[in-house]
Amino acid sequence: MMLNKLSPVLDKSEWHITIVDQHEKHYYQPGFLFIPFGIYSCNDVIKPKRDFFPSGTEVIMSEIDRIEPAENRIILNNKVILNYDYLIIATGARIKPEETEGLKDGLWHKNIFDFYTLEGACSLADFFKRWEGGKNDVNITEMPIKCPVAPLEFVFLQIPILQKKVSGIK
Ligand SMILES: Cc1cc2nc3c(=O)[nH]c(=O)nc-3n(C[C@H](O)[C@H](O)[C@H](O)COP(=O)(O)OP(=O)(O)OC[C@H]3O[C@@H](n4cnc5c(N)ncnc54)[C@H](O)[C@@H]3O)c2cc1C
C-alpha cells in the first residue's frame, strides 16, 4: 500500500525505493474468513507479490535479520546491509495460540481451529465438510488480534451451516 501510494508522487530522480519481503507470495488475509464456508478456496487468496509492485521499485526477497536505527540501516539474513534515509516498517502480526492455555494441547487444527492463518482456514474448511453438527464455541483471544470484527462475521457466516446440520435453529 505504502509503495503504491508513494511511488507515483516521489520524484524518481531524487528517490530510490526498495521493498524487502521474505516471501514471494501475497496472502489476502481478509479472504481467510470465507475459506471455511467454501466461498473462497485456498488458492483464491494467494497471489504473487511482485504483481503489485510498481515498476522501478527495487525488490529484495529476503528475511530481515535486524534493524539498526542508530546507524540508519537494516541487516538482511545473508548479512547484506541496506542503508536508508527513511524506513517504513510493515511486518504485520502473527497469531500466538501457544499463549492461550490448552489451545495447542494436541487438538490444534483437529477440532480447535483458527481462521487467521491459511493453514487454519483450510483445515477448518475440511472439518466443516465432515462435521455432523454440535456445539461450536468462538473464542476471542487477548487483543490485539488481526481483525477484531472477524469473529462476529464468522458467527454470522456460520448460521446457514448450523441451520443445515442442527434441526430447530431459526
Ligand atoms: C480473517 C481476517 C480478516 C480480516 N479482515 C479485514 C478487513 O475486513 N478489513 C481490513 O482492513 N483488514 C482485515 N484484516 C487485517 C488485514 O488482513 C491486515 O491488517 C493486513 O493484512 C496487514 O497488512 P500488513 O502489510 O501490515 O501485514 P502483512 O500482510 O502480514 O504483511 C507483513 C509482511 O511482512 C513480511 N515480514 C515480516 N517479518 C519480516 C522479516 N523479518 N523479514 C522480511 N519480511 C518480513 C511478511 O512476510 C509479510 O509479507 C483481516 C485479517 C484476517 C486474518
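Using a probe radius of 1.4 angstrom, the carbon and sulfur fraction of the accessible surface of segment 97-167 is 56%. Shape of segment 78-162 from its Cα gyration tensor (a ≥ b ≥ c, root eigenvalues): rounded if a/c is under 1.5, otherwise prolate when a/b > b/c, or oblate? Because a/c hits 1.5 or more and a/b exceeds b/c, segment 78-162 counts as prolate.
Placing His23, His16 in order of accessible area, with the largest value first and a 1.4 Å probe, yields His16, His23. Ranking Arg94, Arg73 from most to least accessible surface, computed with a 1.4 Å probe over the protein chains only, gives Arg94, Arg73.
Residues Ile95, Ile39, Ile145, ordered by accessible area of protein heavy atoms at a 1.4 angstrom probe radius and largest first, appear as Ile39, Ile95, Ile145. Here's the picture: charge each Lys and Arg Cβ at +1 and each Asp and Glu Cβ at -1 in the chain, and of Ser62, Ala93, Val9 the one pushed furthest to the positive end of that dipole is Ala93.
At 0.36 nm per residue, minus the direct Cα-Cα distance, what do Asp44 and Tyr28 gain on full extension? Give it in nm, one decimal, please.
Net length gain for the segment: 4.9 nm.
Highest GNM mean-square fluctuation among Cys42, Cys147, Cys122, for the chain modelled with Cα contacts below 10 Å: Cys147. Summing Cβ point charges (Lys, Arg +1; Asp, Glu -1) relative to the Cα centre of segment 97-167 gives a dipole of roughly 480 debye.
Given charges of +1 on the Cβ of Lys and Arg and -1 on the Cβ of Asp and Glu, with all other atoms neutral, how large is the dipole of the chain about its Cα centre, in debye to the nearest 20?
Dipole about the Cα centre, nearest 20: 740 debye.
For the chain, the longest principal axis of the alpha carbon atoms and the long axis of helix 118-130 meet at an angle near 20°. Evaluating 6.51 cos²θ - 1.76 cosθ + 1.60 at θ = phi - 60° for every residue in segment 9-26, the Karplus couplings come out as 9, 8, 5, 5, 7, 10, 10, 10, 9, 10, 10, 10, 8, 7, 10, 6, 8, 9 Hz, glycine and proline recorded as x. Any lysines with Cα under 27 Å of the Lys135 Cα? List them, leaving off those in the same chain fewer than 8 positions away. Within reach: Lys96, Lys104, Lys110, Lys146, Lys164, Lys165, Lys170. For segment 72-87, putting each phi into the Karplus relation 6.51 cos²θ - 1.76 cosθ + 1.60 with θ = phi - 60° gives couplings of 6, 8, 10, 10, 7, 4, 8, 6, 5, 9, 10, 8, 9, 8, 10, 10 Hz, in residue order, rounded to whole numbers and with x for Gly and Pro.
Ligands, DNA and RNA excluded, the heavy atoms of Trp131 present near 30 Å² of accessible surface to a 1.4 Å solvent probe.
At a probe radius of 1.4 angstrom, the accessible area of segment 97-167 per residue rounds to 68 square angstrom. The relative contact order of segment 55-101, computed from alpha carbon pairs under 8 Å that lie at least 6 residues apart in sequence, is 21 percent.
The values are calculated or read from the model by the stated rules, or taken from the named source; none is laboratory data. From a predicted model like this one, the values you see are computed outputs, not experimental measurements. Glycine also receives a Cβ, built like all others from the backbone with ideal geometry; neighbour counts cover every protein chain displayed. SASA here: full protein model, heavy atoms, side chains in, ligands and nucleic acids out. Shrake-Rupley method; radii C 1.70, N 1.55, O 1.52, S 1.80 Å.
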